[in-house]
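Each remark here refers to the structure printed beneath this line.
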Amino acid sequence: LIAELKTALGESLQFKMLCSGDEQDKNQEVIVFDSKLRVMYVHHHPPFSENSKKVVTEVHFQLETESLRVVTTHVPGAPFGRARREFADCLAEIVKGEKLPTVLMADLNFPDKAVHPLLLDRGLEDIYFVPTPYPTNICQGSLLPKRIDSIAAINHQVAGSKLYATAMGAKELLDGLDKVVELLQSKSAEPLTPTRYHSDKVETDAEQISRLERELHAARQRVKYLQSTIDCQNEERAREAPATSSKERAREALLPHRPTDAPSGHYRRNVQVSSVHRVEPEKL
């Protein structure tokens, strides 16, 4: 596909393409851009410990006096892996560098609600995930549609006007794609959260109360589990303490012992860090 795209764009003077790897490399990022834009900076960050071939591509564009940063990636999809946190660390480092308006276009492999809190935790307050009213993927297990591809506008500490973005309609992307989207939406289950692929859906009061009750129940279960763990640890320490005291008393009983004001010529017990030191007799 990349080779075909290169061939098609090779005959065009309007568009250019940047790639992070060779044509045969499936794990790479591709950015197609208007040839009027000047490419000022390109860097491929390798943050993912699970797959070193996958990168976060950062490109700075300039058109006359305006500058724009574009970031794209394909996050590894292991459910309990470190990829989301590694991506959040990488993106925060990129955005906190040069203060440029930034567009993120990425296959996050997770809904944006699973990534957004990680970015907020790293200080990226001014980030806006663009509502995308259609699914972009199908879950292999349930065969239900889901949206794991996201667009976000990031204006972290950017002076002047703010950057905003909107998602293109399916028909604008590819002729006939709207029919596929309609089919996917007709097969979709009711989303469990407002961001499954209806990012712009607003919770009703009843839905919000129900969600908060579920979160409160989960938090209470977590507290109960942590308290149980602490109690078990305290019980283990209590069982170990008497045994340690008994050993110390037995050891002390074997050592010569006199009060500190004992007459000269006797041994004085001086125990520090489980060691015994001989005190020489005092000279008169």
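The values are calculated or read from the model by the stated rules, or taken from the named source; none is laboratory data. This is a predicted model, so every value here is computed, not measured. In this analysis, Cβ positions are derived from the backbone assuming ideal geometry, glycine residues included, and neighbour counts consider all displayed protein chains. Note: areas computed on protein heavy atoms with side chains; ligands, DNA, RNA excluded. Shrake-Rupley method; radii C 1.70, N 1.55, O 1.52, S 1.80 Å.
General remarks:
- 3J(HN,Hα) from dihedral phi, the stretch 64-69, Karplus parametrisation 6.51/-1.76/1.60, rounded to Hz, x for glycine, proline: 6, 9, 9, 10, 8, 9
- Label positions at Val42 and Val30, each projected 7 Å from the Cα along the C-beta direction, are separated by 1.5 nm.
- For Thr7, the accessible surface of its heavy atoms amounts to roughly 90 Å² (probe 1.4 Å, protein chains only, rounded to the nearest 10).
- Computed with a 1.4 Å probe over protein heavy atoms only, the accessible area of Glu23 comes to about 90 Å².
- Theoretical gain in end-to-end length, Arg122 to Ile138 [0.36 nm per residue, Cα-Cα removed]: 2.7 nm
- Relative contact order [Cα under 8 Å, 6+ residues apart], the stretch 1-104, whole percent: 19 percent
- Taking 7 Å steps out from each Cα toward its Cβ at Leu13 and Gln157 produces label points 4.3 nm apart.
- Low-density loop positions, trypsin sites (Lys or Arg not before Pro), the stretch 99-171 - DSSP coil, at most 11 other Cβ in 10 Å: Lys162
- Nearest-20 debye value, the stretch 1-99 charge dipole, Cβ charges on Lys, Arg, Asp, Glu: 260 debye
- The stretch 146-160 - phi-based ³J(HN,Hα) in whole Hz, Karplus 6.51/-1.76/1.60, Gly and Pro as x: 8, 10, 10, 9, 10, 10, 9, 9, 10, 10, 4, 6, 8, 7, x
- Rounded accessible area of Tyr41 (nearest 10 Å², 1.4 Å probe): 90 Å²
- Residues Asp107 and Lys6, FRET efficiency given R0 of 30 Å [Cβ-Cβ distance, rounded to 0.05]: 0.90
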